[in-house]
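One structure below.
The values are calculated or read from the model by the stated rules, or taken from the named source; none is laboratory data. This is a predicted model, so every value here is computed, not measured. No Cβ is skipped: glycine too gets one built from the backbone with ideal geometry, and neighbour counts run over all protein chains shown. Keep in mind that these areas ignore ligands, DNA and RNA; they rest on the heavy atoms of the full protein, side chains included. Shrake-Rupley method; radii C 1.70, N 1.55, O 1.52, S 1.80 Å.
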Amino acid sequence: MLDRTAVHLRRGLARRSRRIVDSYAFSSAVFCLIAANAVLLGIETYSGLMYQWHGALKAAEHFFLAVFTIEILLRAAAHADRPRDFLRDPWNVFDLIVVVVAFMPFARENATALRLLRLARVLRAARFLPQLRIVIVAVGKSLPGTLSFALVGALLLYVYAMVGWVLLAEGDPEHFGSFGRAALTLFLLMTLDGLGDAVRGGLEVSRWTIFYFGSFVLLGSFLLVNLLIGVVINSLEEARELEKEREGPVPRRQPRGDDPTEALRAQLAAARHALDAVESGLVASPASCVCRGAGQAGRTGA
């Protein structure tokens, strides 16, 4: 009996809390508070304002912390009937960590850690912006592909840096005097920064260096960058699909005035009309006339 009562109470609490959390007013209010918290962090960077309004800014910080604590408690209460689902959502876990760690003694005593935690609250705005949430998920999904891109880029950079050091170390020591200088020069060339100076320095050594720089720019700046763009775009598509699955299928609304019975009646009328047309065609065809005459002759003979 007590278990049934507890289950009923949890379901009622979850239902009422979910009604609040899923409302547009609640989401808008939380988003406005996150934006106000971001403004507060920006104001605190001005020492004059911080000294003049120290008490008010401190009270505002406690207010934001209290509001965000109430918010996370409401979100947890919305999952009172299924607590595991609350922890399955990464955004809920992130919000919980940001709020709970703010109450830890080491965070309260360390000003740098506290500022970083308060800055992390601003990132929570992504929860209320679907497009930003898609971009963040896409960045996370593109990390494995980006790692592969970085390995290929590092290998290409290493090979070309060694070749550049061998060919241009004596003629252009400013850019290729050592492996580190050559790697830094080529890394900047991936962004096409300083390409003209590097090519002019190489041409003073040999005119054939144009093929060296041209092949590197082709592979490093165009091919690898386009591959990276392809990885990011693919991750964006996957993130959009996940967002659609997260939101769930949108039920189609039936237009007003559309009666299923009337639609069936129209289909039956069309079918009858088609059958009438087929019968009329059979009656009017010569074959049907011959068959009808043969039938009449047979009946006469009988």
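Structural remarks
- Summed over region 138-166, residues that are in contact with a helix residue (DSSP H, G or I) (Cβ under 7 Å, 6 or more places away or on another chain) and polar (S, T, N, Q) total 2.
- Any hit, region 257-268, residues being open to solvent by 100 Å² or more (accessible area, probe 1.4 Å), among the small types (Gly, Ala, Ser) and at pLDDT below 75: no
- The residue pairs whose first member lies in region 169-192 and is among the acidic types (Asp, Glu), whose second member is surrounded by 13 or more Cβ atoms within 10 Å (Cβ to Cβ), and whose beta carbons are closer than 7 Å, counting only pairs six or more residues apart or on different chains, are 172/201; 172/202; 172/205.
- No other residue among 30, 7 is open to solvent by less than 40 Å² (accessible area, probe 1.4 Å) and either touching a Pro at 6+ places or on another chain (Cβ under 7 Å) or not small (Gly, Ala, Ser) (or both) apart from 30.
- For region 48-58, the criterion of being under 18 Å from residue 99 (Cβ atoms), open to solvent by less than 40 Å² (accessible area, probe 1.4 Å) and in contact (Cβ under 8 Å) with a residue 12 or more places away in the chain is met by none of the residues.
- Tabulated pairs, region 27-38, first farther than 13 Å from residue 129 by Cβ and in a helix (DSSP H, G or I), second open to solvent by 40 Å² or more (accessible area, probe 1.4 Å) and aliphatic (A, V, I, L, M), C-beta under 7 angstrom, 6+ apart or interchain: 37/122; 38/122
- Which listed residue is assigned to a helix (DSSP H, G or I) and either open to solvent by less than 40 Å² (accessible area, probe 1.4 Å) or touching a strand residue (DSSP E or B) at 6+ places or on another chain (Cβ under 7 Å) (or both), from 84, 121: 121
- Residues of region 114-173 satisfying the condition of being of a type in the set (S, T, N, Q), under 20 Å from the mean Cα position of the chain (by Cα) and under 30 Å from residue 189 (Cβ atoms): 142, 146
- Condition met for residue 95 (touching a Phe, Trp or Tyr at 6+ places or on another chain (Cβ under 9 Å), under 30 Å from residue 9 (Cβ atoms) and outside any loop (DSSP other than H, G, I, E, B)): yes
- Whichever residue in region 135-191 is of a type in the set (Ser, Thr, Tyr), open to solvent by less than 70 Å² (accessible area, probe 1.4 Å) and outside any helix (DSSP H, G or I) and, among such residues, is nearest to residue 233 (Cα to Cα): 142
- Test set (1) at pLDDT 80 or above; (2) open to solvent by 40 Å² or more (accessible area, probe 1.4 Å); (3) under 18 Å from the mean Cα position of the chain (by Cα) - residue 74 fails condition number: (3)
- Counting the residues of region 192-207 that are under 13 Å from residue 164 (Cβ atoms) and open to solvent by 60 Å² or more (accessible area, probe 1.4 Å) gives 1.
- When we screen 113, 102, 120 for residues that are closer than 22 Å to residue 39 by Cβ, in contact with a helix residue (DSSP H, G or I) (Cβ under 8 Å, 6 or more places away or on another chain) and at pLDDT below 75, the only hit is 113.
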